[in-house]
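Here is the structure we will look at, set down as structure tokens.
The values are calculated or read from the model by the stated rules, or taken from the named source; none is laboratory data. Being a predicted model, the structure only gives us computed values, none of them experimental. Using ideal geometry, Cβ is built from the backbone for each residue, glycine included, and neighbour counts are taken over all protein chains shown.
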Amino acid sequence: MSAPVALITGASRGIGRGIALALAAEATHEIAINFAGNEKAALECRDLCLAANGGRQRVEIVQADISLAADRARMLAFVQATFGRLDVLVNNAGIAPDVRADILEASEASFDRLIGVNLKGPYFLTQAAAKLMLATPALAAFPKAVINVTSISAFTASVNRGDYCVAKAGLAMMTKLYAARLGAEGIGVFEIQPGVIETDMTGPVKAKYDALFAGGFTPIPRWGQPADIGRAVVAIARGGFPYSTGQVFNVDGGFHLRTL
């Protein structure tokens with residue numbers, strides 16, 4: 001029996017690695033690990049995934065900068081040639097601004113870079129990936145899905161990284177658009193909104209958030225972990241929400257709640 005295939009962008013480290021490891025531990029999906037530049041980290045992630053699934057499913061790495069059309073096409077061609085199908089796309093790859101700059105001072109170069117990787121790339125990757133998904137019949141036990149990893153920044157204003165917030169808000173709307181378009185095609189589209197997750201990206205502001213958590217920043221008073229996001233992806237990939245699409249999953253320790 002053919003196994004379903006998942007492509008996870010930006011999966012060499014951080015949240016992407018957490019997703020890959022969680023899915024590998026299920027030993028249900030073959031996995032393509034996308035990375036932009038850190039091949040060593042991607043190979044390490046592959047080895048960890050193979051250990052997690054006991055070698056029962058293939059795990060491969062593929063380099064691509066998702067902001068580039070040629071790289072997106074090459075990556076999907078690799079997936080098709082290597083696995084023969086695509087069932088789950090996890091749009092996880094994302095970057096932070098090089099400099100957290102007040103929006104009155106922030107540069108167009110930073111804006112263009114953030115939009116290219118965090119929004120334009122996933123938008124057009126999903127367009128092409130959906131066509132590849134539709135080229136093969138669905139497997140009875142596993143649905144086809146697109147999962148967009150956004151951020152609490154999709155609805156929370158941070159005036160020193162406006163480009164990041166705009167990109168994530170756009171990705172949230174992209175979820176709705178593709179959910180509306182692909183529902184009748186049998187492809188569910190979902191959004192996972194992580195809160196403050198302990199990764200390399202948040203490392204430079206660790207002290208700030210340590211203090212916030214200690215002061216009651218979230219109802220669940222701890223840092224989020226990449227594995228927390230991975231569990232949410234697994235629930236979707238296993239088919240836990242067959243009559244849902246366009247759904248937003250808050251994996252943020254309760255940050256989104258308004259309390260008095």
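Going residue by residue through the stretch 182-199, is there one that turns out to be among the aliphatic types (A, V, I, L, M), closer than 23 Å to ALA101 by Cβ and either modelled with pLDDT of 95 or more or out of contact with any Leu (no Cβ under 7 Å at 6 or more places or on another chain) (or both)? Scanning the stretch 182-199, I find at least one residue that is among the aliphatic types (A, V, I, L, M), closer than 23 Å to ALA101 by Cβ and either modelled with pLDDT of 95 or more or out of contact with any Leu (no Cβ under 7 Å at 6 or more places or on another chain) (or both), so the answer is yes.
Just one of ARG238, ARG222, ARG231 is of a type in the set (Lys, Arg) and touching a Phe, Trp or Tyr at 6+ places or on another chain (Cβ under 7 Å); which is it? From the options ARG238, ARG222, ARG231, the qualifying one is ARG222. Counting the residues of the stretch 235-260 that are surrounded by 14 or more Cβ atoms within 10 Å (Cβ to Cβ), hydrophobic (A, V, I, L, M, F, W, C) and part of a loop (DSSP other than H, G, I, E, B) gives 2. Would you confirm whether or not the stretch 176-192 contains a residue that is surrounded by fewer than 21 Cβ atoms within 10 Å (Cβ to Cβ) and closer than 20 Å to GLY16 by Cβ? Scanning the stretch 176-192, I find no residue that is surrounded by fewer than 21 Cβ atoms within 10 Å (Cβ to Cβ) and closer than 20 Å to GLY16 by Cβ, so the answer is no.
For the stretch 147-161, does any single residue satisfy the condition of being part of a loop (DSSP other than H, G, I, E, B), among the small types (Gly, Ala, Ser) and closer than 29 Å to ALA27 by Cβ? Scanning the stretch 147-161 turns up no residue that is part of a loop (DSSP other than H, G, I, E, B), among the small types (Gly, Ala, Ser) and closer than 29 Å to ALA27 by Cβ. Would you check if there is a residue in the stretch 56-65 being free of Cβ contacts under 8 Å to residues at least 60 places away in the same chain, crowded, with 20+ Cβ neighbours inside 10 Å, of a type outside the set (Phe, Trp, Tyr) and more than 20 Å from ALA237 (Cβ to Cβ)? Yes. Condition test on ARG231, is it among the charged types (D, E, K, R) and closer than 25 Å to SER67 by Cα? No.
Here THR136, THR202 are screened, and the one residue that is among the β-branched types (Val, Ile, Thr) and within 28 Å of GLY84 (Cα to Cα) is THR136.
Among residues of the stretch 231-255 that are farther than 23 Å from ALA184 by Cα, those with a beta-carbon under 7 Å from a residue that is charged (D, E, K, R) and modelled with pLDDT of 95 or more at least six positions away or on a different chain give the pairs VAL251/ASP228.
The residues in the stretch 174-198 that are of a type outside the set (Asp, Glu) and in a helix (DSSP H, G or I) can be counted, and the count is 11. If only residues of the stretch 155-175 that are of a type in the set (Val, Ile, Thr) and surrounded by fewer than 16 Cβ atoms within 10 Å (Cβ to Cβ) are counted, the one that is nearest to ARG258 (Cα to Cα) is THR156.
Among the listed residues LEU132, LEU125, identify the single one that is assigned to a helix (DSSP H, G or I) and surrounded by fewer than 23 Cβ atoms within 10 Å (Cβ to Cβ). None of the others qualify; the one that does is LEU132.
Cβ contacts < 7 Å: first residue among the charged types (D, E, K, R), restricted to the stretch 206-230; second residue assigned to a loop (DSSP other than H, G, I, E, B), any location; separation 6+ or different chain. Result? That search, which allows pairs on different chains as well, returns ARG222/GLY253. Out of curiosity, is LYS120 farther than 18 Å from GLY246 by Cβ and without any contact (Cβ under 8 Å) to a residue 12 or more places away in the chain? For LYS120, the condition - farther than 18 Å from GLY246 by Cβ and without any contact (Cβ under 8 Å) to a residue 12 or more places away in the chain - is not met.
Working only within the stretch 19-28, note down all residues that are surrounded by fewer than 24 Cβ atoms within 10 Å (Cβ to Cβ) and either under 22 Å from ILE95 (Cβ atoms) or over 14 Å from the mean Cα position of the chain (by Cα) (or both). Listed by number, the residues that qualify are LEU21, ALA25, GLU26, ALA27, THR28.
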